[in-house]
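Structure first, then comments.
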Amino acid sequence: MAIKAGTKLGIVALALALGTAVLWFYLAGIVRLPEDRTLFVVAFLSAAFLGITAYIKGTSVLGGIPPAVAILIGVFLPLTIYISPQTLDTARSIKVGDTIPHFVAVDGKGETFDSVTLNGHLVLIKFFRAHW
């Protein structure tokens, strides 16, 4: 039994979508996402387009799963990239050597932490927003 052309195209679409997603989440994990995310958006949307084309070409019942997943990934992730531009307000950001504003937070053990306890100590605190 020969594999339908649409099924093959759907597998390629899924590979493109998953490969791009793995790279995206790897870069997010090491906090190295690029400022210009156009290449990622193009890759994701290309995977979605290939998935749609796979259905047009024709797939088997099981062969319809890879393009469906590719379309889902290819549309969902660019949407999240679009709605979360990760802009930095430099006027409000804390610079090296600045005094941090008072804050209270919950630490990794679930206990309340007050920034006042840091007074008189050299401390490095790194804040970052997640990329999803």
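Going through (1) farther than 30 Å from Lys126 by Cβ; (2) within 13 Å of the chain's Cα centre (by Cα); (3) of a type in the set (A, V, I, L, M, F, W, C) one by one, Phe25 falls short only on (1). Candidates are the residues of the range 83-112 that are surrounded by 10 or more Cβ atoms within 10 Å (Cβ to Cβ) and either of a type in the set (A, V, I, L, M) or in contact with a Lys or Arg (Cβ under 9 Å, 6 or more places away or on another chain) (or both); the one that is nearest to Leu50 (Cα to Cα) is Ser84.
Name the residues in the range 27-65 that are of a type in the set (A, V, I, L, M), farther than 19 Å from Leu16 by Cβ and outside any loop (DSSP other than H, G, I, E, B), would you? Within the range 27-65, just Leu62 meets the criteria.
Filtering the range 53-80 to residues that are over 18 Å from Ile3 (Cα atoms) and either without any contact (Cβ under 8 Å) to a residue 40 or more places away in the chain or not polar (S, T, N, Q) (or both) leaves Val69, Ala70, Ile71, Leu72, Ile73, Gly74, Val75, Phe76, Leu77, Pro78, Leu79.
When the range 101-132 is limited to residues that are modelled with pLDDT under 90 and among the hydroxyl-bearing types (Ser, Thr, Tyr), the one that is farthest from the chain's Cα centre (by Cα) turns out to be Thr117. Checking Leu122, Leu50, Leu27 one by one, the residue that is more than 30 Å from Thr7 (Cβ to Cβ) and touching a Leu at 6+ places or on another chain (Cβ under 7 Å) is Leu27 and no other.
The values are calculated or read from the model by the stated rules, or taken from the named source; none is laboratory data. These numbers come from a predicted model, not from an experiment. Virtual Cβ from ideal backbone geometry, glycine too; neighbours counted across all protein chains shown.
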